[in-house]
Amino acid sequence: MMKKRLNYFLVLILIQSSFYTYAQKESLIGLWEIQKVEVGEDNMTPVAKWTKINTDGTYQSGNGWLQNSQGQWNYDHKNKMYSATDSLDIFDEFGGFIVSFDQNKMFWEREEEGMQVTVTLEAIQELPMAPADYLEGMWKLIDITDKGESVLNAFDKDHKHKLFVRWDRIYINFSPEGNKLTGYWHINGHKPNITLLPHQEGEKAESWTIEVNKKDLIMRGISDTNRTIERKYVRSNTF
């Protein structure tokens, strides 16, 4: 009788242990947004960064609606270490992350070049939108100020100026005179800053910090040539 009870408890312990290991693995599964990346004392959090960890051992990662990596992942249950191998990217020389959880948050920790790295992730249901995702589309200029003073009427008294931001990183500036000025747009991966790189000779590249949502866009100059200028746009559904 004693032997049967002992065997029963051993089986129960093994079942509980297996369930705990499975639960640990399953808690990794899902869609996660990276809320914070701390490298030493620096905040290196990317914009709208996410990763999706799948039950079949694959993962995808991206920023906003843009997926930019995929590959295989592995979890070392004994050491609580998560590691991922990108199918196209450079080998990660720093190895995996020690994983811990707190409610709907997950934490990854490791050391890189003598500095402590801590990544905070939160479980989400949908892909986060980055400023680049909101930017795409047509925008109509409704106000422009220089050193806080409105100069819109002198610049565009008939409100004909529009900015078309295309998904392929091309922008088109429709001037009040009917001209089209084109170029490339590039957005910073860690800050809401955009740089416009004109195609036309003699035109200088300019950078702006932006606030953007579904309806409104504000651009504040941060280059030497536009530092005193602020532009306000509203989304337009016509050319």
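None of the figures in this text is laboratory data; all of them are computed from the coordinates on show. This one's a predicted model, so the numbers in the text were calculated from it and none came from an experiment.
For segment 131-236, the convex hull drawn through the C-alpha positions has a volume of 99 cubic angstrom per residue. Between the amide H of Ile124 and those of Leu31, Trp32, Glu33, distances stay under 5 Å, these residues lying 5 or more places away or on another chain, with hydrogens modeled in the peptide plane. The radius of gyration of the Cα set in segment 74-126, together with its Dmax, comes out at 12.3, 35 angstrom. Residues whose amide H falls under 5 Å from that of Trp139, counting only those 5 or more places apart or on a different chain, are Leu163, Phe164, Val165, Ser236, with hydrogens built in the peptide plane.
In square nanometres, what is one fourth of the surface area of the convex hull spanned by the alpha carbons of the chain?
Working: hull surface 75.8 nm².
The orientation-averaged projected area of the Cα hull of the chain comes to 19.0 nm².
Taking all Cα-Cα distances within segment 182-239, those exceeding 20 Å account for 29%. The phi-based Karplus calculation (6.51 cos²θ - 1.76 cosθ + 1.60; θ = phi - 60°) puts the 3J(HN,Hα) values of segment 31-40 at 9, 10, 9, 7, 7, 7, 10, 10, 10, x Hz, whole numbers, x for Gly and Pro. The mean of 1/r over all pairs of different alpha-carbon atoms in segment 27-123, once inverted, gives a Kirkwood hydrodynamic radius of 13.8 Å. Phi angles of segment 174-191 translate, via the Karplus equation with coefficients 6.51, -1.76, 1.60 and θ = phi - 60°, into HN-Hα couplings of 8, 6, x, 7, x, 7, 10, 10, 10, x, 9, 10, 10, 10, 5, x, 10, 9 Hz per residue; Gly and Pro are given as x. A cut-off of 5 Å between modelled amide H atoms, ignoring neighbours fewer than 5 places along the same chain, links Glu206 with Leu196. Here Lys78 is the anchor, and the lysines within straight C-alpha reach of less than 27 Å, apart from those fewer than 8 places off in the same chain, are Lys25, Lys36, Lys52, Lys105. The three principal axes of the C-alpha atoms in segment 71-212 carry coordinate ranges of 68, 34, 30 Å, sorted with the longest axis first.
For segment 27-123, the relative contact order works out to 26 percent when only alpha carbon pairs closer than 8 Å and six or more residues apart are counted.
Our coupling estimate for segment 102-114, obtained by passing each phi through the Karplus curve with A = 6.51, B = -1.76, C = 1.60 and θ = phi - 60°, is 8, 6, 8, 10, 10, 10, 10, 9, 6, 10, 10, 6, x Hz, Gly and Pro reported as x.
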